[in-house]
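Please treat every number below as a calculation from the coordinates, not as lab data. Since we're looking at a predicted model, the values are computed, not measured. Glycine gets a Cβ as well: all are built from the backbone with ideal geometry, and neighbour counts include every protein chain shown.
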Amino acid sequence: MAKNAPSRKKKAPAKAASPGPLSLLIRWTGSLRYDPASQDQARKLLGWFLVFASVISLIACISYYFTGNADQSLAEAGTEAEAQVQNWLGFAGAWIAELLVRRGFGIFSFLILLYALFGGLVLLENDYYQHLVRVLKYVAFTVFFGSFFFAYIEILSGSVRFDLGGGFGVTLNFWLFRYLGKIGVAFLILFLLVVFLVINFNAELRASQLLSTLRHARMSPAELTRKASELLARRQEPPASKNRPAKFRPQPPAQPQAGQPEPPVQPRDPAPRPRPVPQAAPPLPQPESGQQLNLDITLKPERPPDRVPPPADGPDLELIIETSEPDRPVPPARLEQVGDDNIGKVLGAGDDKYQKIVPEEDLEVEDADEILETDVYDPTQELSEYERPPFELLEDHGGGRGREVNREELETNKNKILRTLEDYGIKIVSIKATIGPTVTLYEIVPAPGIRISKIKNLEDDIALSLAALGIRIIAPIPGKGTIGIEVPNSNPEIVSLRSVLTTEKFISSKSELPVALGRTISNEVFVADLNRMPHLLIAGATGQGKSVGLNTVIASLLYKKHPAEVKFILIDPKKVEMSLYQPLLNHFLALLPEQGDEGIVTDVRDAVKILKSLCIEMDQRYDLLKRAHVRNLREYNQKFVNRKLNPRKGHKFLPYIVLMIDELADMMMVAGKEVELPIARLAQLARAVGIHLVVATQRPSVNVITGIIKANFPARLSYRVISKVDSRTILDANGADQLIGRGDMLLSTGSDLIRIQNAFVDTPEVERIVEYIARQRGFPKPYYLPELPEEDAEEPEDEEESFERDSKFEEAARLIVRYQIGSASLIQRKMKLGYNRAGRIIDQLEKAKIVGPYSGSKAREVLIQDESELERYLSKT
């Protein structure tokens, strides 16, 4: 046995043979799939390889045009001629130039190398992949078409040197000459160019427009009217789809046979938008004796989970962490790819929906030629050169790209929650955590027989065990069979506005008024549509982020809409919050003509006037909608853009109007009913005509947010408030008093509460955006609201007495002079009148110079001393 032992030790190394090259390659590629560090390393290596190879090839090809064709024969000769090659990169350079220029695509080989260089830089930057994919088709067409065309030119000139078209172009031309000839190849080149322009740039060659113009020029007015009627009747027929063959065109509905139910009528959707169907969650496993529980830590599950063993001092639970980056920002130029075609969003339909004739009742014979031949109206034409602000004006603030998951923090919080629940005899089936930018949501499923209220009552105990501020329990989570416990993160993340606006979700949004509020608890970008809200009520204590939230709403619309499509009315009683937007007077602001150059409303009396004027604007818009036989602003603008409404009959393109009030409580204290009534009327009726309200207040009490206002604001947003009463006032639910502040908010859009971290935009960023827009040419004048009627206009102080006196005016004057007390309460008591009428009489006495002006809590001064003097005054007037 002793002799055999050494032999076993010698054979052992032979069994543990080193892995072969194939197994090493398999292991390395496997690590690329699952290890982010290896994958990032491979991407960088490939990027550097492309940069190096493209630069070397560019130098070799440039040298080809200096060293001449002598090198190419040497390159073909083989290795024995390497010493005689004159290329800057030697024999390898001559061989590369031979392959790319002479045998390849000629001068267009440089475009391939430049594209490879760009691809390598994109891999190194790990961004701008959209540009790389979008440019590929243009590069491919230019290389193949350019080589083909320039080789054709070389052959026609009689000197085929392979410098311009290369071997590919020359070979392709000689092959096509056999079948098409030189003239046929020329037409083929022209045909390929036209096809590429039509497919990629939607070019349209319309020979019928010229013929139609010549034909209509010889028509009489009667023929023009008849032609318009025929076109109108033809438009009213159901058109056949251009994308389907004739046998699939819609036929008239067949009459149902006896005994068969009528087929359901499918509504027409002018712009169908597919919505993702949420997948049902798999059923939770039932607990068994001795079964260990898993904690799922989720941002967005896209990679296999990382398994972390449980700590020695905690319960026997395995921690399963599923992490991935949040929504990645897309390059800023993606906004241009989505297009500035916002008018297409107004129409909500394709080109086949455009109608270029007006209804028969609006048709004027003398203008029929102009109407029939006019293109679709573009409301942005007046400011066609307007450019939206670039994303570089915003700062990243180091957030928005996800944060490193602190596994120890998650594991510790999970153990504390489970211990607290176990102390009170509550058993848990499963637990899952979703990590957000500022809070983590722990979803627990209690064992059967556990009452939900028992867990909800432990809110303070769980907060004590976690030693955290702002613990919030959701029991149960709407739409799920779980109970949620929201715990603030120890290192909250700042969600910058740039990281939200540069995501695909916002850039590709088809909403009328998209507003990027921030990121949800699952780190997803939350984009709301103000047009569907249709009004937003914001509340929160001082310093919790209301002003930043208003700036976020305004900045989102500035980045998405054209000045012709949306207007803002900014009311700022604090006078300093919205003064930054004053330079946008001729671009985005709406105001009264009497305001002059003051685009921001700061005085409460001016605010009352502009609210009344906005009510008049609302009524006028409803009149236009009534005459156009439409139900909302979208349908009206669609008709107007399609030239189906006559501008000479008062119709015009109507922009959306967004009224923003920074502090409603101050206005209610000063004006009261004068502010409440127009706001309530706008909230009830203005949504259909494109007028939307965004109202913020620090004090969400019942005397500020009255029942009339609250009933017409279904969308409510609350930052942190002081008490549970304020939370129930604004949200009809608790929870706003348990937020952690600094942009942490709850959005109520009905029955659900969504927790969002508000996107942060700083004052210098807003200044840069406003300055960028203000430098561009604006409209000649601002968007003016209707002027108030004369009875609502303020009378000049020095105006002579031209008012209608109350029937009790003289009796009240004698009473005031007799008692020498200028008080409305005296008139109420002695004459048994109401407060409003007594107040009006006092105002009339002031204008008649019988009593002095208002002096606070003191009675007014009586200017007439005795009744005889009063009688002489009354007899003169």
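Brief remarks on what is shown
- Peptide packing for 675-687, 571-583, 547-559, 130-142 was compared via the average number of neighbouring C-beta atoms within 10 Å per residue; ordered from the highest value, the list is 547-559, 675-687, 571-583, 130-142.
- Note on the range 488-550: along the principal axes its Cα atoms extend 36, 26, 18 Å, ordered by decreasing extent.
- Checking the cross-link pairs Lys561/Lys644; Lys832/Lys876; Lys567/Lys652 against a 18 Å limit on the alpha carbon distance flags Lys561/Lys644; Lys832/Lys876 as lying beyond it.
- Highest-first arrangement of 415-421, 381-387, where packing means the average Cβ count within 10 Å: 415-421, 381-387
- Charged neighbours of Ala696, selected by a Cβ distance under 13 Å, balance to -1 (K, R count +1; D, E count -1).
- Taking each of Lys560/Lys626; Lys454/Lys505; Lys673/Lys849; Lys456/Lys510; Lys574/Lys849 in turn, the alpha-carbon distance tops 32 angstrom for Lys454/Lys505; Lys456/Lys510; Lys574/Lys849.
- A viscosity of 0.890 mPa s and a temperature of 25 °C, combined with the Kirkwood radius over Cα pairs in Stokes-Einstein, give a translational diffusion coefficient for the range 429-475 of 208 µm²/s.
- Dividing the C-alpha radius of gyration of the range 431-561 by 2.2 N^0.38 Å, with N its residue count, gives 1.25.
- Using only side-chain charges placed at the Cβ, +1 for Lys and Arg and -1 for Asp and Glu, the dipole size of the range 98-161 relative to its Cα centre rounds to 200 debye.
- Long-range amide H partners of Phe760 with built H, under 5 Å: Val495, Ser496, Leu497
- D (Stokes-Einstein, µm²/s), Kirkwood Cα radius, the range 813-857, 1.002 mPa s at 20 °C: 205 µm²/s
- Listed peptides 500-508, 451-459 by packing density, highest first (mean Cβ within 10 Å): 500-508, 451-459
- As a ratio to 2.2 N^0.38 Å, the alpha-carbon radius of gyration computed for the range 492-649 takes the value 1.19.
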